[in-house]
There are 2 protein chains.
Amino acid sequence: MKNVFSIGETAKINNISIQALRHYDKIDLLKPSFINKDSGYRYYSIDQFIYIDIIKHAKNFGIPLKELKNTLTLGNMHELAENVRSYHVYLDEQIQSLHNAKERFEKVAEMIEYSLMAVENLGPYRRIIEERNIIKLSDYREVGNFEINSRLVEADTKKSGLEFGFESGYFIDVPTFINSGEEFFTSAYLVFMDGELPKQPLSSSEYIKSFIPKGDYVCITYNEHNKDERIKQIQGYLKENNIEKIEFIIVSELYDDFRNQSNEIQVFLHPQ
Amino acid sequence: MKNVFSIGETAKINNISIQALRHYDKIDLLKPSFINKDSGYRYYSIDQFIYIDIIKHAKNFGIPLKELKNTLTLGNMHELAENVRSYHVYLDEQIQSLHNAKERFEKVAEMIEYSLMAVENLGPYRRIIEERNIIKLSDYREVGNFEINSRLVEADTKKSGLEFGFESGYFIDVPTFINSGEEFFTSAYLVFMDGELPKQPLSSSEYIKSFIPKGDYVCITYNEHNKDERIKQIQGYLKENNIEKIEFIIVSELYDDFRNQSNEIQVFLHPQ
């Protein structure tokens, strides 16, 4: 039985590229068992094939190089078994991350669908909104740059393990809105996915981790074309229903149209 | 409010590299909304940021480029929601593949641990072995090249959606073994993971999909140093226990030592 194989034979038998084998040699992950001094040709022994199997599988599934090196340089088989088994930690992390991604994509789709439905409502409507985990930009000033600031905050909070929940908006000053219909922004907020907590402290003291309570809200949507009219409608609703004590009002950005986006005014009536 | 951003600003705000943005432009995934004819500088508008969000998320999670293009070139928001939602198919495939990988790594660890334990048994021992799904190389001839052939078969069957179960070996001729202790190989087998069926027909008619039944087996391990002695022991066991009607005997390769591998003889006694 032939026990030593050229790099080409080894590649073919193991369904792997020659380039990959050369790379594993270069990074000291798997050295050929024999190199012809005259020709410089690399040869692999048959007992190296199981290592190629392990590298192939592990690489496919994002096992870190460091772990692979640990596995392949082990002296005894018990440790090898233990090391191969420990890969499940990396695989579980990836599985969790894919589940989170599913949740996020579903959330984007829901946000778009909700937005498209909401903008068809002409008058004010009531709805129960679940509790929202938020990051509040407390010293929020420059309204026009919110889209930009919120992305910078998102990048920043991502490092802390928070995942953006695809909802953002502003808190507005209640008396000003009730009296004049002006939206005077007091702070901005970004909603984060449920149940996720920062793994590291947030890097800026300008952010406050908070929440918007579950409650009964009276809402209306508007875009730049119908803003004045819609705001008058919700002011009227609040007056007619003698709603005077209002803890907070928020303006949430909708996903109905990226070029002419609508917003939803959400007036908190009472907790639920 | 500033509505158009240089490629550098766009990259910074969206926590993405300039190279990535250039690449998306090149492959027509996301073209800048404006290019200065004199300088050639690219500019992005703020309403393109949501597309960058979608690309970033999708890319991270292996959504195919084709799907991404579909999403980004859609005319209406309902389709966009539907398309984003459809990504779950790709994510589920990846999750399944990671679960399979966990199972495979666990199986490697188990095989090594079983091998290390089994080689410590001196005499014959009995054990119940579960049903094994196998590919049988029916016209198996060249014993010495089994390691190589099996890898070629593995590569071939992988295309058919079969995953190697980290066990391989040979069927041996029963009368020859009982009478002379010679291992005359009649065919080779490769075990595949439970529950996986070929998605495509296997490409070679030389392979037969079959199974080794669950049953009570009498086993012994050997390596090249103790082979003769161990084979005598199991022959003795079969004689002493008047075991005459033997349907099949297999020799399974162990994972105790890649340089001086042991094998386990498995004599099928009766189904269970």
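Each reported figure results from applying straightforward, stated rules to the coordinates on display, with no laboratory input. It should be emphasised that the depicted structure is a prediction, and the values quoted were computed from it without experimental measurement. We place every Cβ from the backbone using ideal geometry, glycine too, and count neighbours over all the protein chains shown.
Here B:K214 and B:T176 are evaluated by their C-beta separation; at R0 = 35 Å the FRET efficiency comes out at 0.85.
For the residues of A:95-104, the average number of beta carbons from a partner chain within 10 Å of their own beta carbon is 6. Peptide A:13-25 has a mean shielding of 2, counted as Cβ atoms of other protein chains within 10 Å of each residue's Cβ.
Take the Cα of B:N100, step 7 Å toward its Cβ, do the same at A:Q19, and the gap between the two points is 2.4 nm. Simple spin-label estimate for B:F34 and B:I128 gives 7.6 nm between the two label positions (7 Å along the Cα-to-Cβ direction from each Cα). Look at B:T221, A:T186 and count the other Cβ atoms within 10 Å of each Cβ; fewest to most, that gives A:T186, B:T221.
Share of Cα-Cα pairs in the protein assembly as shown beyond 34 Å, in percent? Roughly 56 percent, once rounded to a whole number. Pairs over the 28 Å Cα-Cα cut-off, from the set A:K214/B:K66; A:K107/B:K12; A:K66/B:K26; B:K59/B:K102; A:K107/A:K136; A:K66/B:K59: A:K214/B:K66; A:K66/B:K26. GNM on chain B, alpha-carbon springs under 10 angstrom: the most fluctuating residue among B:K37, B:K245, B:K136 is B:K37. For the range A:1-66 versus the range B:1-31, the inter-centroid distance based on Cα atoms is 40 Å.
R0 = 45 Å: FRET efficiency of A:E67 with A:E244, Cβ-based, nearest 0.05? After rounding to 0.05, the efficiency reads 0.10.
Please sort B:107-113, B:228-234 by packing, taking for each peptide the average over its residues of neighbouring beta carbons within 10 angstrom, highest first. Don't skip to the answer; put the middle values down first.
Values: B:107-113: 19.7, B:228-234: 16.1.
The densest-packed peptide leads the list: B:107-113, B:228-234.
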